[in-house]
Every structure is written in structure tokens, then in C-alpha cells.
Amino acid sequence: MEIIRARDYDHMSRQAANILSAQVILHPDSVLGLATGSTPIGTYRQLIKWYEKGDLDFRRVRTVNLDEYVGLGAEHEQSYAHFMRVNFFDHINIDVKNTNIPNGMNMDEEEECARYNGVIRGLGGVDLQLLGLGPNGHIGFNEPADSFTKGTHKVALAEATIRANKRFFESEADVPRFAYTMGILDIMQAERVVMVVSGEAKAEIVKEAFFGPVTPRVPASILQLHKNFTLVADEAALSKSY
Ligand code: F6R
């Protein structure tokens, strides 16, 4: 596990964007695993800037997103499909046909999970997976549990996640209770994993996840065992670790 200690959010975003852009420059047909949430927005902004300067070309890049709320269609403002368009895809030259995200409107859980697992397999797996860190240690929507999950599955969101995500909805009651998410095994099978974390509110969970025991009670802790994992965190997020 490698740790890049960034000064602040902007520095963290640039450092993570550096790793992603190196991947795209060296391997223009890379499969990028992408995350939503507030933390990677700065990373996407930086990549957009470099694309606008002519330094990056996404024409051949393929993407798979980690997760999507069950019950929200791609046009819903809080869907992750919408988030990805507004914060990244609409601003670069990626082919939308090369972007993948679970279909939150498919109520047939078995069918949707099998479809998405097939998409990931069909792409030959993920070359670089970008992650954020949930306040309870979740990655994707893999919530604290008794065992680590494998492939794409439907999850009931933890109370902590519903509370954390209510800031994006009119009220807590509007936050969807279920999501489709890639599993922990999918994430662990990525060739490279990069996690962005910022702010003091994440300092305690960073310490638990990366300086404590590996346990499914803190899902991100398993990344300590990944062969090529880089944590890009700012000083505030690392303030309780060292
Ligand atoms: C988003 C996702 C989540 C977030 C996590 C942190 O696709 O999978 O695991 O990365 O909830 O969210 P922020 O960055 O908003 O703190």
C-alpha cells in the first residue's frame, strides 16, 4: 500500500488525476472503474482541464461505475448516471457507448447483477479503479458486514450512508434505501486501485481502515492486501493516522 500525503483537497485531486492521466496516456483503451460522491469531483475537474488543453484523449477509454441507486432512472438528478454526465462525461470526448453503470430501474435484481457482472467480465476486468471512502468504511456500496462480498449485488444502504447522502436529497425520506454495487472481489481484482479521501471528518475511518486490522466490518480495510493500492489523502484525513 502506497500513501500519497496531499496538502489539501486541490492537491489531492491533482495527485489522483496525475495517476489517472498516466494510465490513459500509456494505455488509451484502459478500463477505468469510476466512483461518484463529492470527493472525486476535483479529480474529474482536473482531468477535464487537461483534456481541454489537449493533453488527454478519452476516445478509446471504457468505464464501469461502481454503483447506482435502485429506483432512480438515468435522468433523475440524484442518479449516479446523471452525476457522471454532469461532472465528467459531458466534458470529455468519451464515447457514451463505452460507459457502463448499473441500471437502477431494472427491478429484477438477479438479471441486473448478472448483466453487470457480464459487462465487467466482457471488458476483461478493471485496469484502474478510483474509489472514495464512506464514513463507515464502505467502498462502492459495500457496507460493513460479516463477510466480504464478491460480484455485483443489491444492498440495503446502512443508516450511516443514508444520513451521509441525505445532503443531496430534499429530505432523508427521499434517499433510496437500496443500491446495486460492484462487489469487493471485483474491486480487489482491479489491476490498480486509487482511493481519494479528504477532510478531518474522515480521519478516524482512515485510521481504522488502513492502520487497523483487515475486517469486513470496515470493508475498505481489505485494500491493505491489494497488490497495487494507492491512498491519496490530504493532511486532514491523515491527521489521526500518523
Ligand atoms: C460512490 C461510492 C461511495 C462514495 C463514498 C464517499 O460511487 O461508491 O462509496 O465513494 O460514500 O463519498 P464522498 O466522497 O461523498 O464522501
Next on the checklist: Cut-off under 28 Å on the C-alpha distance; same-chain residues fewer than 8 positions from Lys150 excluded. Which lysines are left, in chain and number order?
Outcome noted: Lys97, Lys166, Lys202, Lys207, Lys227
Checklist entry - Taking the mean number of other Cβ atoms within 10 Å as a proxy for protection, how do you rank 126-137, 111-122 from highest to lowest? => result 126-137, 111-122
Next on the checklist: If you average 1/r across every pair of different Cα atoms in the chain and take the reciprocal, what Kirkwood value do you get, in Å?
Outcome noted: 17.8
Checklist entry - What residue among Ser147, Phe168, Gln78 has its Cα farthest toward the positive end of the dipole of the chain, where the charges are +1 on Lys, Arg and -1 on Asp, Glu, each on the Cβ? => result Ser147
Item to check | Cα radius of gyration and Dmax for segment 19-84 (Å) | outcome: 13.0, 38
Item to check | Selected from Phe169, Phe210, Phe229 as most flexible by GNM, with the chain as the system and alpha-carbon contacts under 10 Å | outcome: Phe169
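Could you grab the relative contact order for the chain? Cα pairs under 8 Å, six or more apart, rounded to a whole percent.
It rounds to 26 percent for the chain.
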Checklist entry - Carbon and sulfur: what percent of segment 32-120's accessible surface (1.4 Å probe)? => result 47
Checklist entry - Once Rh is set to the Kirkwood radius over Cα pairs, what Stokes-Einstein translational diffusion coefficient, in µm²/s, holds for segment 117-225 at a temperature of 37 °C and a viscosity of 0.692 mPa s? => result 225
Checklist entry - For the chain, what is the calculated [θ] at 222 nm in deg cm²/dmol (nearest 500), taking -39500 (n - 2.57) for each run of four or more DSSP H residues and dividing by its residue count? => result -9000 deg cm²/dmol
Next on the checklist: With +1 assigned to the C-beta of every Lys and Arg and -1 to the C-beta of every Asp and Glu, and no other charges, what is the dipole magnitude of the chain about the Cα centre in debye, to the nearest 20?
Outcome noted: 600
Next on the checklist: Counting only Cα atoms, I'd like the Rg/Rh figure for segment 1-55, Kirkwood definition for Rh.
Outcome noted: 0.96
Item to check | Residue-normalised accessible area of segment 106-221, expressed per residue, 1.4 Å probe, Å² | outcome: 44
Next on the checklist: Place a point 7 Å from the Cα of Val119 along the Cα-to-Cβ direction; which residues of segment 176-191 have their backbone N under 19 Å from it?
Outcome noted: 178-191
Checklist entry - In debye to the nearest 20, how big a dipole does segment 53-139 give about its Cα centre with +1 on each Lys and Arg Cβ and -1 on each Asp and Glu Cβ? => result 460
Next on the checklist: Starting from the 7 Å offset along Cα-to-Cβ, what nm value, one decimal, do you get for the label separation of Glu159 and Phe211?
Outcome noted: 2.8
Next on the checklist: Using a Förster radius of 22 Å, what is the FRET efficiency between Glu200 and Tyr242 based on their Cβ-Cβ separation? Nearest 0.05, please.
Outcome noted: 0.90
Next on the checklist: Can you compute log10 of I(q)/I(0) for segment 1-136 with the Debye formula, treating each Cα as one identical point scatterer, at q = 0.09, 0.12, 0.14, 0.16 Å⁻¹?
Outcome noted: -0.27, -0.48, -0.66, -0.86
Item to check | Hull volume in cubic angstrom per residue (convex hull over the Cα atoms of segment 39-115) | outcome: 88
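The values are calculated or read from the model by the stated rules, or taken from the named source; none is laboratory data. None of these values were measured; they are calculated from a predicted model. In this analysis, Cβ positions are derived from the backbone assuming ideal geometry, glycine residues included, and neighbour counts consider all displayed protein chains. Heads up: the accessible areas ignore ligands, DNA and RNA and are worked out on the full protein's heavy atoms, side chains in. Shrake-Rupley method; radii C 1.70, N 1.55, O 1.52, S 1.80 Å.
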